[in-house]
Structure formats: structure tokens, C-alpha cells
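The values are calculated or read from the model by the stated rules, or taken from the named source; none is laboratory data. Remember, predicted model here, so these are calculated numbers, not experimental data. Neighbour counts are summed over all protein chains in view; Cβ atoms, including those assigned to glycine, are modelled from backbone coordinates with ideal geometry. Only protein heavy atoms, including side chains, enter the accessible area calculation; ligands, DNA and RNA are left aside. Shrake-Rupley method; radii C 1.70, N 1.55, O 1.52, S 1.80 Å.
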Amino acid sequence: MKSLVFCCVFVNCFVMSLCVNQAVDVNTVIETVPGQNGCLSLAKGVELFEKIGKMIGRKFEQLYNEEKQKVADGNMIGRKFEKLYNEEKQKVADGNMIGRKFEKLYNEEKQKVAILNNQISDVTKEMNTCNDFRKITTMRESSVVVQKDYSTPQLKKCGVGMQDINKIKDNQITGSSMFREDHGPQYGRLFETRGIKAWSTQPGPGYRATIDKWSTFGLKNQWITVDLKKDTKIIGVVTAGRPPLLLSPTYRLYHKQWVKTFSMEYKTDKSNKLNSFLDPTGKVEVFQGNTDMTTPVVNIFRFPITARWFTIRPIDYNNWISMQFDLLVC
């Protein structure tokens with residue numbers, strides 16, 4: 001009897017607890033069968049447990065499915081965010097690739113500018129190399145620049161090779177004429193010590209030899225040419241008169257000979273065209289030459305000339321066409 005009462009109390013309490021916790025009306029869950037103390041029969045209790053178990057199972061299944069759907073929705077949103085992230089990541093990667101391409105192009109152009117600046121710097125250095133050794137004075141507005149105070153060491157350093165018979169052979173220097181063998185063009189080198197120490201042409205129609213002066217007038221179309229054997233960049237020319245011969249005090253007076261003005265021509269290795277140096281107006285350039293027998297006069301070109309052959313054509317001269325010369329590379 002005590003066991004039955006305990007069972008009824010337990011079942012009723014358990015059912016009430018489940019129904020309250022699950023928010024289910026107790027009357028819809030159990031059927032009260034009149035019995036002793038109004039308690040459920042054992043068979044009905046077992047049936048009730050089965051119904052409650054199924055109800056709880058469905059409830060848990062519903063909750064599980066709801067949570068499962070939430071997880072699925074979260075995964076879908078996650079995949080969308082992942083897709084968006086990957087798309088943005090690809091955009092960033094594409095941007096980086098474009099950036100690298102622009103950086104490469106920029107560096108290439110920067111390199112080109114640097115090379116160009118170096119070339120400009122080299123040209124500027126070449127033009128200014130000799131500024132420490134000479135004072136520049138302008139002889140005339142439309143002409144080249146003339147320097148009279150080029151130092152002897154600088155002339156020796158900057159010469160193209162005329163002063164060295166091992167660099168430029170005698171047969172590389174030719175001329176239109178000569179007074180005698182020892183007056184030949186091969187002796188027209190700057191600082192020459194052989195022959196009469198200068199190139200001296202044949203006499204002109206006004207040739208006159210007296211006790212105090214040898215002179216010739218009217219001589220034209222004379223020239224002296226040097227073949228450098230290859231195209232060479234030349235920035236200027238230096239000329240000097242015929243040095244005095246130390247034979248006697250009076251003999252020095254006979255040879256006051258130098259070229260006052262001259263023109264120049266050049267020709268490149270692969271061209272048959274002879275080009276004249278022109279002034280800014282397009283006329284043949286007239287270079288300022290010497291005013292005495294011994295002082296070298298330097299003419300710097302407006303811009304360097306690269307050629308193989310260079311020719312000097314005397315225009316005006318003092319007493320006789322006699323001269324020394326060299327071409328300058330610095």
C-alpha cells in the first residue's frame with residue numbers, strides 16, 4: 001500500500017514538473033483515471049511516460065533543427081563573407097601587381113633620365129675641363145671663343161697628337177705647297193723642333209726678298225690637312241706663327257710670319273662631303289689667328305666636331321703663310 005501511494009505521488013509530481021517546464025497543459029498530456037487516492041494506474045503511468053518521452057524528443061528535435069538551421073545560416077553568411085574577402089583580396093593583389101608594373105616603368109624612366117643627365121654632365125665637363133687653365137675672352141660676337149692664355153702644359157696635354165710623331169705620322173699631314181723641303185706641312189706641328197719649325201708655303205705673285213724682310217702677297221687657296229685615321233671628337237684648334245731662327249740678331253727680322261685669320265673644314269670617315277665651319281649667320285667661319293711669331297692662340301668651337309680629316313685654310317697673314325697648329329680634345 002505504501003509503495004502504491006509513493007508511485008502515485010512520484011508520477012504526479014514528475015508529470016507536473018515536466019508539463020510546467022515545457023509549458024504544456026497537464027490535462028492534454030495525461031488522463032486521470034479514478035483510482036485509489038486519484039492516482040494513475042501503473043499501466044497508465046507507463047503510457048504516460050512514453051507520451052512524455054516522445055513529446056520531449058520532438059521538442060528537442062525541433063530545438064536541434066532550429067539550432068542546426070542557425071548554424072547553416074551562419075555558415076552561408078560566413079561563405080559570403082569569405083567570398084567577399086577573397087574578392088577584395090584579389091583586388092588588392094591586382095592592385096599590387098599594377099603598382100609593381102608602374103614602379104618598374106617608373107624606375108626604367110628614372111634610369112633613362114639618369115643616363116641622360118650623366119650624358120649632359122659629361123658634355124658639360126668636357127666643355128669646362130680646361131677652364132682652370134685658361135681665361136676666356138670673346139674676340140667677336142658671332143665667332144668662336146678665343147683663349148690666349150692656354151698654358152703650355154695644358155696645350156701639350158690636350159693636343160690630339162700633332163706634337164707627337166709617334167701618334168700622328170708625317171705622312172698624315174699634307175699641304176697645298178711648301179717653300180722648300182724643310183718647310184713642308186709635316187713641320188707644321190705645334191712646338192715643332194725640326195726643319196724650320198713650321199709649315200711655310202710657296203711664294204705668291206708678290207714675292208719679295210730684301211735684306212730686312214722676306215714677304216709674299218696675293219697667295220690664295222693654300223691649305224694644310226691632318227688625317228686622324230678615325231673619327232675623333234675635337235673641341236678646338238690652336239695655332240702659332242713661325243718661330244724665330246737663332247742664326248743672327250738680324251735674321252730674326254726676316255721671318256715675322258704668321259697667319260692672322262683662317263677658315264676650317266672637316267670630313268668624317270664615312271663621308272665624301274667636305275664641311276666648312278659656319279658662323280651663326282650661315283657664312284664661312286673666320287677664325288682669329290695669331291698676332292706674333294710665338295704666342296699660341298686657341299679657338300674653341302661652339303660645339304665639339306667629330307671627324308677624321310681637319311683642314312686649315314689661311315685667309316690673311318703677316319708677310320708669309322707660315323704656321324704651326326694642333327687640334328684640341330679638352
Fill in: Separation of the K270 and N117 label points, Cα + 7 Å toward Cβ, nm
3.3 nm
Fill in: Full-extension gain in nm, R194 to D170, via 0.36 nm per residue minus C-alpha separation
7.5 nm
Response to the item:
Taking a crude spin-label model, label points 7 Å out from Cα along the C-beta direction, the K233 to T294 distance in nm is 3.6 nm
Discussion item. Could you work out what % of the accessible surface of the range 162-205 is carbon and sulfur, using a 1.4 angstrom probe and leaving DNA, RNA and ligands out of the count?
Written reply: 47 percent
Worksheet item: So between D279 and L245, what do we pick up on full extension, going 0.36 nm a residue minus the alpha carbon distance?
Response: 8.6 nm
Worksheet item: R0 = 45 Å: FRET efficiency of K54 with E88, Cβ-based, nearest 0.05?
Response: 0.35
Practice prompt. Express in nm, to one decimal, how much length is gained between E67 and L105 on full extension, taking 0.36 nm for each residue of separation and deducting their alpha carbon distance.
Written response: 8.1 nm
Item to complete: Count the net charge of all other residues whose Cβ sits under 10 Å from the Cβ of V160, scoring Lys and Arg as +1 and Asp and Glu as -1.
Response: 0
